[in-house]
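Everything on this sheet refers to the single structure shown next.
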Amino acid sequence: MKIQIVKLTLESLSGLLQGKASTFSSTLPSDAEILGVKMDLFHKQVSMVIRSESFEDVAESMPIPEFHLSKTTELKTASKPPAAVKPQVVPDAKSMVAKLPTPQPSRMASKMENEFSPEQRKLLSFTVKADCVVAKPVVFLKAEWDDINEVVRSLGGKWVKGDIISYWEIPLH
């Protein structure tokens, strides 16, 4: 996959959308495409997944690398001619770009789902809970239980027996 992630703080994205001068410059390739945008209000950041043929190919099992934006030394405004532009103190570009989080739980959950055979996946429902993936049987398991339990244990998971509902928990590493 030839993709990378661009992360911006909400303030820097808002400034870009309002046409305000930017404190960073981008050297995005001309063939860059935005594949997805995710807003994380809790961390006050926006992540954009971009694809370009010029990016290095990354294996699916690896985290998506971050595209780093470079800092500019002065702000340029469209209302003033270039001779009237004065250098200004700008925040460090790293403070404008959000930090790279740990791999997304939903992505980890889908990778764990792929450890099961298609027949086994039809018998289970997968959800992400805090720090683990929960695999619940959707039908009564007979002979399939042992095979599924073996896959779960190979992933570091365990069977959680409840009074009404029992399920497997697989930790997100």
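Taking each residue as 0.36 nm, the span from Val37 to Thr127 lengthens on full extension beyond its C-alpha to C-alpha distance by 30.2 nm.
Length gained on full extension, Gln18 to Ser54, computed as 0.36 nm times the residue gap minus the Cα-Cα distance: 10.0 nm. The packing ranking, built from the mean of other Cβ atoms within 10 Å per residue, places the peptides 4-15, 131-142, 30-41 in the order 4-15, 131-142, 30-41, highest first.
Using a cut-off of 27 Å between Cα atoms, the listed pairs Lys38/Lys129; Lys7/Lys122; Lys44/Lys158; Lys7/Lys158; Lys111/Lys142 include Lys7/Lys122; Lys44/Lys158; Lys7/Lys158 as exceeding that distance.
As a length-normalised measure over Cα pairs under 8 Å and 6 or more apart, the relative contact order of segment 105-171 settles at 28 percent.
All of the numbers you see were taken from the coordinates with simple rules; none came from a lab. Keep in mind that what you see is a predicted model, and the values were worked out from it rather than measured. No Cβ is skipped: glycine too gets one built from the backbone with ideal geometry, and neighbour counts run over all protein chains shown.
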